[in-house]
Structure formats: structure tokens, C-alpha cells
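What follows is one structure encoded as C-alpha cells, with my remarks underneath.
The values are calculated or read from the model by the stated rules, or taken from the named source; none is laboratory data. Values in this document were obtained by computation on a predicted structure and should not be read as measured data. A quick note on method: Cβ atoms are made from the backbone with ideal geometry, for glycine too, and the neighbour counts reach across all protein chains shown. Side chains are part of the model used for accessible areas, which takes the heavy atoms of the whole protein and leaves out ligands, DNA and RNA. Shrake-Rupley method; radii C 1.70, N 1.55, O 1.52, S 1.80 Å.
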Amino acid sequence: MKGFFMKKGKKVSITYYISCRFIGIIVIMYIIIIFFITYFSNQTILRDIRHQIRQESRYDFLNIDIKNEKLIIGKNFIFKENHIQKIILDDSGKQLYGSYPIKDLENYPINNKKNFDK
């Protein structure tokens, strides 16, 4: 046990040893807390964005109608508002109305397709 508290021939006090351990634990706890705060705040922001998009989409569905198997978009349909841009695609992913915010996005496949029945 003689070498346990030795550092280059000097004795290290027990208070120094405990203080270093305590500081290490505080730093680790700080990193964990920052990680959780960042993670949960990002999840909250994403949830709020999804909620806003759903609310906007519900309003826009009132301005879409199908007559004689043809899609009719009302004049009140908002394609771009508050940094949100909407496009209308058919079942195959072909663009019917609206425009992509960045032209290169047209080449990316859409994985989140949902069927809406009347």
C-alpha cells in the first residue's frame, strides 16, 4: 500500500486523491447531462416541426379535390410559407404540383409514402 499514494517519490494526500475523483465524476455527469439536454431538446424541436407541418397539411387538404378522376388544387392551397415548401406527388413519386426547394432533391426517392383514402 506504500506505493498506492506515491507520485514520483512524493506522498499524495488522501484529500487530493478524493478531490480528483470527485472532479472526474462531476465532469462525467456534466457531459451526460449536456448530452441528454441536447438530445431531448432536438426531439422536442422535431416534434414541434412535425406538428406544425401536420396542421398546415390538414388545412391544405381542404383545398384539394378530385373530380372526374382529376386532381383539382384550390386557389387557397399554399405551396410555400414560413420556410416550408410543399409539393404534390402521384403514387409513383412523380411531381404533379409545386416545386422542390433544391432541384437536386428530385433525384432522391421518397420512402415515407402513405395512402390516403376518401
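Against the definition (over 23 Å from the mean Cα position of the chain (by Cα), loosely packed, with under 10 Cβ neighbours inside 10 Å and modelled with pLDDT of 75 or more), how does Ile72 come out, yes or no? Judged against the criteria, Ile72 is not a match. Just a yes or no: is a residue in region 43-59 modelled with pLDDT under 75, in contact with a strand residue (DSSP E or B) (Cβ under 9 Å, 6 or more places away or on another chain), on the phi < 0 side of the Ramachandran plot and assigned to a helix (DSSP H, G or I)? Yes, there is a match, as at least one residue in region 43-59 is modelled with pLDDT under 75, in contact with a strand residue (DSSP E or B) (Cβ under 9 Å, 6 or more places away or on another chain), on the phi < 0 side of the Ramachandran plot and assigned to a helix (DSSP H, G or I).
All of (1) modelled with pLDDT of 75 or more; (2) over 30 Å from Tyr100 (Cβ atoms); (3) exposed (fewer than 10 other Cβ atoms within 10 Å of the Cβ) hold for Ile66 with one exception: (2). Comparison of Gly24, Gly9 shows that the only residue that is open to solvent by less than 70 Å² (accessible area, probe 1.4 Å) and modelled with pLDDT under 90 is Gly9. Restricting region 84-99 to residues that are in contact with an Asp or Glu (Cβ under 9 Å, 6 or more places away or on another chain) and over 20 Å from Gln52 (Cβ atoms) leaves a set whose member that is most open to solvent (accessible area, probe 1.4 Å) is Leu96.
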